[in-house]
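> Before anything else, here's the structure in question.
What follows draws every value from the coordinates through simple rules; no lab data is involved. On a predicted model such as this, the values are computed, not experimentally measured, just so you know. With ideal geometry, Cβ positions are generated from the backbone for all residues, glycine too; neighbour counts draw on all protein chains shown.
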Protein chains: 4
Amino acid sequence: MNSLKSKLYEIIFEADTKSGKWFDIILIVLILLSIIIVMMESDSRILSHAGTWITLIEWGVTILFTIEYLLRIWILEKPGKYIFSFYGIIDLLAILPSFIGLFFSGTQMLIVLRSLRLLRIFRVLKLTRYVKEATILWEALASGRNKIGVFLFVVLILITILGTIMYLIESPVNNGFRSIPESIYWAVVTLTTVGYGDIAPVTTLGKFVAGVIMITGYAIIAVPTGIVTSELAKEFTRKTPTNTQICSQCFKDNHEDDALYCKHCGGSLKNE
Amino acid sequence: MNSLKSKLYEIIFEADTKSGKWFDIILIVLILLSIIIVMMESDSRILSHAGTWITLIEWGVTILFTIEYLLRIWILEKPGKYIFSFYGIIDLLAILPSFIGLFFSGTQMLIVLRSLRLLRIFRVLKLTRYVKEATILWEALASGRNKIGVFLFVVLILITILGTIMYLIESPVNNGFRSIPESIYWAVVTLTTVGYGDIAPVTTLGKFVAGVIMITGYAIIAVPTGIVTSELAKEFTRKTPTNTQICSQCFKDNHEDDALYCKHCGGSLKNE
Amino acid sequence: MNSLKSKLYEIIFEADTKSGKWFDIILIVLILLSIIIVMMESDSRILSHAGTWITLIEWGVTILFTIEYLLRIWILEKPGKYIFSFYGIIDLLAILPSFIGLFFSGTQMLIVLRSLRLLRIFRVLKLTRYVKEATILWEALASGRNKIGVFLFVVLILITILGTIMYLIESPVNNGFRSIPESIYWAVVTLTTVGYGDIAPVTTLGKFVAGVIMITGYAIIAVPTGIVTSELAKEFTRKTPTNTQICSQCFKDNHEDDALYCKHCGGSLKNE
Amino acid sequence: MNSLKSKLYEIIFEADTKSGKWFDIILIVLILLSIIIVMMESDSRILSHAGTWITLIEWGVTILFTIEYLLRIWILEKPGKYIFSFYGIIDLLAILPSFIGLFFSGTQMLIVLRSLRLLRIFRVLKLTRYVKEATILWEALASGRNKIGVFLFVVLILITILGTIMYLIESPVNNGFRSIPESIYWAVVTLTTVGYGDIAPVTTLGKFVAGVIMITGYAIIAVPTGIVTSELAKEFTRKTPTNTQICSQCFKDNHEDDALYCKHCGGSLKNE
């Protein structure tokens, strides 16, 4: 019994063994399948054509997820920690809606519940822990966190003021600038250069101010890029050329990766 | 009396003590509340439903702001300097509109006046003086000021010429390019990649020229980013390797990592 | 015979001789001409006016391409390798449609087939092998491949979740958010700051969430730029300070500027 | 006579003397005024209200420009070189239209002619020769010219292929993708993230492909930014920290700007 448990533990919780890797891959495929099913269910045209197939696959995935969930609880010695963890709750939320759907029949309610299954996508993210690059990116963003925060705060103030100015200019003649919040929404759409065009200035003064805002936004968009680039450059230089080789004769470091001899004194670096 | 004044001074004007910090936090909350009220007032739908509540909160905030304003004047020995300072005028403009509103009743006029309260948002900015990151960002932008200015000037010339060319091409058939200023507005919207779509070329030649403008803009958008990134990188490297070495003779710091002698007095840094 | 073959080989397959360069230039012009013809053919207005000219030029180009294709096969000793290579198939696909068009007359089918000729544009790319800059850009992108991949993966997850959230908020009242896939399409359009405006939020909550998404996208757009810039900067610095020093003992180059001894064999670099 | 000529030469052609600077400033103001007049003339609403004023200012500016042009020719010993130079032709084109307008009365023709006056804006650019920053920016862009060129070439190929793919997918049902050139226009609008929305995919497959194009464009937009940033960073580091101070005792350089003593040997840097 215990050997079965420990074997299952290896498969489900570890990713180093061959069977563990296969389990991870199958899990990712199943999660992606379940997400595609949720997406297709939301489209009434697809639902009317392939409703039976969707129901079938949905229940197949739900049952497999339920087995996986129960196995995880059975294997672990202290299942409580898992059940109330972030991933534990997500795993439960991924299977509950289908069972609740058996008893209730409110459409809108069910769509919201089923959408919760999408959260399982985070599992895919967790399974990619072997990708080292993510760490570098994350550290760069984390170390630039404060600066990006300050920047976003300034942008928020700017957007509030610009939105109010445009509201004062445009609201008398333009239906799109009905209230300050809507004008702020317009300012966000404009400053981020998204520019839907659902709200656009119509007065000459409004167009002039909008033009000034856009050109300002042009310079502003440079700031987060500058922050992230600087942080990434720092992160890269810290990681990349650190060659730990030290010359055994002059004890100087900072040698290139392909160096065989010390560039300072000519001593051999081989016998390291 | 004086001890009360000095205690109030500590609370209102300083941020180091515990009560000073609490005062700052309450002030920020009140300012944000008053801004939300101004925003809600601008929306006629909200105003018709929750008008009484909005008036109530508005007067509550106004009274608290008035007390704060009078206290600031009373505490200071030379209140004139504060009253005519940037923040002093903003603080006054934040409370005046409500009192003026008692005597006047022109809607449009009142909205403009009430919007002035939004300017108090700058106080929040001032209260964040403890955020050191803002200084780094600001210095980077300030040192790149000239270059960004030159760049914006070139963009302005470009936009004028491009707008005129598109006016000549499109104006005969396209209502959106009625005049050169409107064509320049279109050029701004396009070159900044906002792209509302309220004005868009319809002739084949116009579309071709627009395409060339967009691809040009693609390369141009890189320039401010390049400037800010380079300045930020400089700023970071200047700040980062702050060597903790302090000269034992002149006690100045900020030495480079490879410095062996103090660059200020020539004293040796070795015996540290 | 053999001397004719080897001369033709020089002209068609090599770019170093004068006649080889001329052949390349004429080929590029012909390819661009054939592409312009395909484009004009797709426009029914142009087709109705200048149909005869287009057919004439089309057949002229097709015959020249056919001659070139047959020559390539005839010259090469082992033509099989060329015929089944990427460029061989493209060259065949560029001439086949015109001949197939003689027997079939389905309009839509023919357009698809003729569009295949556009693939010959890759030949132009191949002929620009003398541009060294492409290599640097390509290496920078290739070395940042993993990081950009991780980033795009995170963006995909983000887009899925944001699309679903907006679907839940907007679908009851907004026809543009009919299904989750369409909402995801909207999220892509918004997060990349394209912003067509064909789908836009109409509810207050939807606009608020959209605003948050845009400001997030503002910070996110910085990441790929940061990656590419850092990689390019690395690539440049690796290429730039190519010290012209060559070791007098092992004749290897690529030494650092401050190197005194060869890092490959330990020989002194001083006496250069 | 000669002394008058040489004095006028100083004023008109040189910018170092006080009167020369004033001449430059007045010229810039006049050029900007003439540009504003051209813009206002293009707007039929403004023209009908303030037509007389516009005509008056237009003739005033034209006469001043004519005097300036004639003076330039009179002063120079070899006026031919100026007359046929870039700026000479622009100066002539700026005054000719008004005189031609006396004899002709075709509206559209006159607008085109008058727009030529906008080209005088380049004079403003020339007068800003004292701005050193422009040189740095220009050199950075110039040294990255080849790389940006290669990049734009790849983007052009990409846009052609993407436009054709979207044409094949959308043209049967979408009026916006009538021909390949229009689809390519759409691809430019999308890839540069302008996104007017005048042409947008309507089929599910079209939306999917458009989404892939946008996310690709997301990564592509990073490349020119990366190029410019790297070049600017190189340009900055080359210009900025070059302190020409060399220690008089150990002859080492690369001292910081505020260094008073050599950081290598402690020798004084003052007596330089």
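> Could I have the simple spin-label model distance between B:Ile100 and B:Ile26, label points 7 Å from Cα toward Cβ, reported in nm to one decimal?
Simple spin-label model gives 2.9 nm for this pair.
> Could you check the spin-label model distance between C:Leu152 and A:Thr135? Points 7 Å from the Cα along Cα→Cβ, value in nm.
With each label point 7 Å from Cα toward Cβ, the separation is 2.4 nm.
> Would you grab the residues whose amide H sits under 5 Å from the one on C:Asp43? Only those 5+ places off in sequence or on another chain, please, with H modelled 1.01 Å from N.
D:Ile180
> Take the alpha carbon atoms of region D:1-45, find their center, do the same for region D:167-191, and report the distance between the two centers in whole angstrom.
If you average the Cα positions of each part, the centres end up 48 Å apart.
> Moving to a separate point now. Ignore the peptide's own chain and count Cβ atoms of other chains within 10 Å of each Cβ in D:173-181; give me the average, rounded. Kindly include the intermediate steps, with their values, before the conclusion.
Numbers: counts 0, 0, 0, 0, 1, 4, 10, 12, 10.
Other-chain Cβ atoms within 10 Å of each residue's Cβ, averaged: 4.
> Decide, for region A:139-227, between rounded, prolate and oblate: order the square roots of the alpha carbon gyration tensor eigenvalues as a ≥ b ≥ c, take rounded if a/c falls under 1.5, and otherwise choose prolate if a/b is larger than b/c, else oblate. Mind showing how you got there, number by number?
Working: a/c = 2.77, a/b = 2.26, b/c = 1.22.
It comes out prolate by the Cα gyration axes.
> Report the relative contact order of region B:3-130, percent, no decimals, based on alpha-carbon pairs under 8 angstrom and at least 6 residues apart.
Details: 86 pairs, mean separation 33.7, N = 128.
Once divided by the residue count of region B:3-130, the mean separation gives 26 percent.
> List, in order, the whole-Hz ³J(HN,Hα) value for each residue of region C:201-209 obtained from phi through the Karplus relation with A = 6.51, B = -1.76, C = 1.60 and θ = phi - 60°; use x for Gly and Pro.
Once θ is set to phi - 60°, the couplings for region C:201-209 become x, 10, 7, 4, 4, x, 5, 5, 4 Hz.
> Need one value for B:157-168: mean number of C-beta atoms belonging to other chains within 10 Å of its residues' C-beta atoms. Please report the intermediate quantities before stating the final value.
Working: counts 6, 1, 2, 5, 5, 0, 3, 13, 2, 0, 5, 5.
Average per residue, whole number: 4.
> Please compute the average number of Cβ atoms from other chains found within 10 Å of each residue's Cβ in peptide B:183-191.
Taking all residues of B:183-191 together, the mean is 5.
> Kindly write out, for region B:165-174 in residue order, the coupling ³J(HN,Hα) from the Karplus curve 6.51 cos²θ - 1.76 cosθ + 1.60 (θ = phi - 60°), rounded to whole Hz, with x marking Gly and Pro.
Taking θ as phi minus 60°, the curve returns 4, 5, 4, 5, 6, 9, 3, x, 10, 10 Hz for region B:165-174.
> Ordered by residue, what ³J(HN,Hα) values in Hz, to whole numbers, does region A:52-65 give under the Karplus form 6.51 cos²θ - 1.76 cosθ + 1.60, where θ = phi - 60° and Gly and Pro are x?
These are the phi-based 3J(HN,Hα) values: 5, 4, 4, 4, 4, 5, 4, 6, x, 5, 4, 5, 4, 4 Hz.
> Among the listed pairs B:Lys234/C:Lys147; C:Lys147/D:Lys207; A:Lys21/A:Lys234; A:Lys234/C:Lys234, give every one whose C-alpha distance is greater than 22 Å.
B:Lys234/C:Lys147; C:Lys147/D:Lys207; A:Lys21/A:Lys234
> Something else now. By counting other Cβ atoms within 10 Å of each Cβ, how are C:Tyr185, D:Tyr69 ranked from fewest to most? Each step should come with its number before you reach the end.
Numbers: C:Tyr185 26, D:Tyr69 17.
Exposure proxy ranking, most exposed first: D:Tyr69, C:Tyr185.
> Hey, another quick one. With the crude spin-label approximation of a point 7 Å out along Cα→Cβ, what separation in nm comes out for A:Ile83 versus C:Trp74?
Reported label-point gap for A:Ile83 and C:Trp74 is 8.3 nm.
> Okay, moving on. Please arrange C:Val202, B:Val150, B:Val228 by how many other C-beta atoms lie within 10 Å of their C-beta, fewest to most.
On the way: C:Val202 13, B:Val150 21, B:Val228 29.
Result, fewest neighbours first: C:Val202, B:Val150, B:Val228.
> Quick check on packing: order C:160-170, B:154-164 by the mean number of other C-beta atoms within 10 Å, highest mean leading.
On the way: C:160-170: 22.6, B:154-164: 20.3.
Packing order, densest peptide first, comes out as C:160-170, B:154-164.
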